[in-house]
1. Rg and Dmax in Å for the stretch 1-107, alpha carbons only: what are they?
2. With r defined as the distance between the Cβ atoms of E478 and L527 and R0 fixed at 25 Å, what FRET efficiency is calculated, to the nearest 0.05?
3. Indicate the gyration tensor shape class of the stretch 416-465 (rounded, prolate or oblate), computed on the Cα atoms with a ≥ b ≥ c the square roots of the eigenvalues: a/c under 1.5 is rounded; otherwise a/b larger than b/c is prolate and the rest oblate.
4. Using only the Cα atoms of the stretch 419-503, what semi-axes does the equivalent ellipsoid have when each is the square root of 5 times a gyration tensor eigenvalue? Give whole Å, largest first.
5. With every protein chain present, what is the per residue accessible area of the chain (1.4 Å probe, Å²)?
6. Just by accessible area at a 1.4 angstrom probe, what is the order of F368, F343 from largest to smallest?
7. How big, in percent, is the set of alpha carbon pairs in the stretch 486-541 lying more than 19 Å apart?
8. In straight Cα distance, which aspartates and glutamates are under 15 Å from K171, not counting same-chain residues fewer than 8 positions off?
Amino acid sequence: MRVLVIGSGGREHALVWKLSQSPHCQQMFVWPGNPASLRLASKLDIPVDASFEDLATSALLAGVDLVVVGPEGPLSHGLADVLEARGLKVFGPKKNAAQLESSKVFAKRIMTEAGIPTAAYEVVTSQDDCHDCAIRILNRDGGVVLKASGLASGKGVFVCQNEDDVNQGLKRLYNESMKEASEQIVIEEMLFGREVSYFCFIGQGGISRIGFAVDHKRLLIGDKGPNTGGMGCYSPVPWLPGDAADQVDSLVVNPLLKTLRKYGIQYTGCLYVGLMWGDKGPSVVEFNVRLGDPEAQVLAISDQTDWLPLIASKVGLSAKREPHHTLALPVMGYVMASSGYPFGDKQDVDANVPWSLLDDKSDGAAVFCGSVKNSDGGIRTGSGRVFLVAASGKTFSEAKSKACSRIDKIRDVWPDAQWRSDIGQPVLQYEESLQRSVTRSPIVLGSSSPRRRELLGNLGLEFTVMKPDTEEVPRLGEDPTDYVARNAREKNEWICALIGPTHPQGVIVISADTIVVIDGKILEKPLNPSDAKDMLSMLSGRVHTVMTAVRIASVNPSGVHKVKEFTVNTEVLIKNLSGNEMDRYIATGEPFDKAGGYAAQGLGSFMVQEIRGSFSNVVGLPLSEVGDCLQISFGVPLWRDR
Ligand code: AMP
Ligand code: GLY
């Protein structure tokens, strides 16, 4: 495939980097690009201020199959519409859908109509109304948020806690430079919770999840100083509930797409959902119609999926169905910005940074370039956000130390850089508390399943839960028994490698994997309602096998000492299910995180006619066998902690 990425920032450098690694990429183009992205791609030979029509002509002449648009500006001015009218395939929404970002009034109206959780709001069109309305909400709630409806490069939102803040905000919003963006002002109630962003790719074949990330908007350490475009971020987000993506899809993305369709608007492209995650779950702060910067750079490293066939399938270029990936490495990303950022009121002192330093492979970090200029043997720093230095690790703290080692080297040649060393503080603390908790109770359940957690609790033991980041994909021709055992082993090895080196007292790690097998075919968790229906139809009126493979190992800094592995099979007879019963059961949402598409212990119990073998095995952990193994092989008495 011949691919063109549009844009010139760090986000587009990351897109070029990620897409050009794909075996499906035949040739990579970027326009206008920057000195770093242009090292990985060919340039279209047109000026930076070329019209959309000239851009289309140039892309067609270059034989481009797929155009991926980075920034929101051109999308909101109809770039996708022009390119598509000329026969190009474009990943990026058309002008009518791009209004989700370019008009906050539009986004709020659609959200209200779709019943999407978001802050209550009012729209005003004059400075006097804006003042009166803001003061009324401020006096009622103790806080209020003022937002220019139009695009304002992150400078149009004012979170106000007192009258002074409101007056300051009004002054900026009604400044000449904001005239267009501030024609309408959205006044919102304050939301409380933790900010997090969700990214998905949308188009043909529905929604594909990319992941969650947390950006740090304020300039200075400790979340102080002015707002910026983002000073660094981390992904994935371990403090979210396990079903966070399901919640966002069902409460936000699906109702949004349905309501857009009502107005004849199709969405193709990346959707960035800015959320406030509160006690009651997610509430939408904003929509963006593109990847974030610096989130794109961090997600490109964290997400192990090849984005090119995925994006191509969204625009109808390939029917290839992508496996639902689960593998997301912990990644930390740090922005290095010029000394005057974000106001440009200080004279930036440029620095020369050699390619050898940016390309260095020795520390495992990667550098993406934003505001940079060409220089001999490297780049010259520009003004604004210059680099995003990111690294992955088994843990966030490992990722941090890799990235920071590169930052230190860059600071040697560019001491004026501004950067925040406190990116991801909450996840680093979370990791530390996990380590402490393992020290207190040295049994670790390596599983994210809430059902396994509940089952193991029934043995009266205290334990720590850790989520292994391994992928569950059967190999070609792999026998179900081998597959389930391999999954349990890989999860176990992953946790042992992570936790063993730091726990001299020794840790017992329990992991398991459960699959449903019928006619030699493995049924995993259904991807969508039609997948769930296929599975339930297959199980209806028949006996199937539920297999759980278990691996228990003891580990300390000198390595793994004892390993026990076993697989337990249970036969389950499902009654004859009518189409209506299946549809109603699927509509409850229960099937989606369950192998085989049903929960024998939940609403799905209505269909379970007979069970031969361990019941807890069907739920996810064969307790009798696990209890015996812990007592006999590892010397852990049951109900020890009761
Ligand atoms: P936006 O451009 O709408 O994402 O707003 C920029 C930033 O303002 C967000 O990232 C939040 O930190 C903050 N913000 C926006 N809306 C609200 C709200 N309703 N309540 C609290 N904070 C908000
Ligand atoms: N990092 C925030 C954004 O891209 O909008």
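1. Rg, Dmax (Cα atoms, Å): 13.3, 42.
2. So, using R0 = 25 Å, E works out to roughly 0.80.
3. Because a/c hits 1.5 or more and a/b exceeds b/c, the stretch 416-465 counts as prolate.
4. On the way: eigenvalues 147, 75, 27 Å².
Square roots of five times the eigenvalues give 27, 19, 12 Å.
5. Numbers: 27190 Å² over 642 residues.
Here the per-residue accessible area is 42 Å².
6. Details: F368 5, F343 125 Å².
Reading off the accessible areas and sorting them downward yields F343, F368.
7. Working: 781 of 1540 pairs.
That tail contains 51 percent of the Cα-Cα pairs.
8. Partners within reach: D128, D129, D132, E163, E180, E183.
The values are calculated or read from the model by the stated rules, or taken from the named source; none is laboratory data. It should be emphasised that the depicted structure is a prediction, and the values quoted were computed from it without experimental measurement. Neighbour counts are summed over all protein chains in view; Cβ atoms, including those assigned to glycine, are modelled from backbone coordinates with ideal geometry. The area values use the complete protein model at the heavy-atom level, side chains included, leaving out ligands, DNA and RNA. Shrake-Rupley method; radii C 1.70, N 1.55, O 1.52, S 1.80 Å.
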